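Heads up: the structure comes next, in structure tokens.
The values are calculated or read from the model by the stated rules, or taken from the named source; none is laboratory data. In this text the structure is predicted, and so the values were computed from the model without any measurement. Neighbour counts are summed over all protein chains in view; Cβ atoms, including those assigned to glycine, are modelled from backbone coordinates with ideal geometry. For accessibility, only protein heavy atoms count, side chains too; no ligands or nucleic acids. Shrake-Rupley method; radii C 1.70, N 1.55, O 1.52, S 1.80 Å.
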Amino acid sequence: MAARILLTGTPGCGKTTLVRRVVEQLRHLRLAGFITQELRSDDGKRIGFEAIGLNGGSTMLANVKSGSRIRVGKYGVELPRFEELIGSELQRPGSEVDLFVVDEVGKMECFSPLFVEQMEVLLDGSTPLLATVAIKGSGFIAQIKQRADVELLEVTSHNRDELVDKLAERLRHAIVRRWPT
């Protein structure tokens, strides 16, 4: 069975930083997916989120100035642009990818039917998956955290640094098991 590791925790606990550090350790492998980054104004206020593809390219996920009618709080969600990134990163054949990385499965992302559908494909597939998931949420967010075939780890300021090496090693091991030499 493929490794399916979901990282959860309160906002600001370091989930994305942890994923970035694991990805850096596994950079030599065939990775696909995206990491989410906050966008800040010149005075330091958060104004949006950008999704950065692991194989190049990035796109605005949400922004306070967006005209989108899909809103999460003050942010307008840019689904067409996000779905282009999903197509180029998450719809790759599993045979061409050693590890899928998804940061994050949250309310904004789940507005995309394509994202939800592709996450189900990844969760049912044989390629290892490392994803972050909102600590709160109903619907799809709650469903994937309840799956018997996922490992849900809570990230805290106390464990995030020690998890980097442990997760990188576990994922390396899962990939080797998938592609024995």
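So how strong a dipole does the chain carry about its Cα centre when Lys and Arg Cβ are +1 and Asp and Glu Cβ are -1, to the nearest 20 debye? It would help to have the intermediate numbers written out before the result.
Working: 25 positive and 24 negative charges, 58 e Å.
So the magnitude is around 280 debye.
How would you classify region 48-123 from its alpha-carbon gyration tensor, with a ≥ b ≥ c the square roots of the eigenvalues: rounded for a/c under 1.5, else prolate if a/b is greater than b/c, otherwise oblate? Spell out each step's value before the answer.
Working: a/c = 2.46, a/b = 1.82, b/c = 1.35.
Taking the square roots of the gyration eigenvalues as a ≥ b ≥ c, region 48-123 is prolate.
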Inset, instruction - Collect residues whose amide H, placed 1.01 Å from N in the peptide plane, falls under 5 Å from the amide H of Thr8; neighbours closer than 5 in sequence don't count. - result: Val133, Leu153, Glu154, Val155
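Heavy-atom accessible area per residue, the chain, 1.4 Å probe: how many Å²? Before the final figure, lay out the partial values.
Working: 9180 Å² over 181 residues.
Heavy-atom accessible area per residue stands at 51 Å².
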Inset, instruction - Could you work out how far helix 160-178 tilts from the main Cα principal axis of the chain, as a 0 to 90 degree angle to the nearest 10? - result: 50
Inset, instruction - State, as an integer percentage, the relative contact order of region 91-181 based on alpha-carbon contacts under 8 Å between residues 6 or more apart. - result: 32
Inset, instruction - Go from 0 up to the bin containing the longest alpha carbon distance in the chain, width 10 Å each, and give me the % of pairs per bin. - result: 9, 39, 39, 12, 1, 0
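Going by average Cβ density within 10 Å per residue, which order do the peptides 170-177, 19-26 take, highest to lowest? Don't skip to the end; give the middle numbers.
Details: 170-177: 16.2, 19-26: 18.4.
Ranking the peptides 170-177, 19-26 by packing returns 19-26, 170-177.
How high is the relative contact order of the chain, given as a whole-number percent (alpha carbon pairs under 8 Å, six or more residues apart)? Don't jump to the answer; show the numbers that get you there.
Numbers: 319 pairs, mean separation 58.8, N = 181.
Averaging sequence separation for qualifying contacts and normalising by length gives 32 percent for the chain.
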Inset, instruction - On a 0 to 90° scale, report how tilted helix 113-124 is relative to the longest principal axis of the chain, with both axes built from alpha carbons and the result rounded to the nearest 10. - result: 20
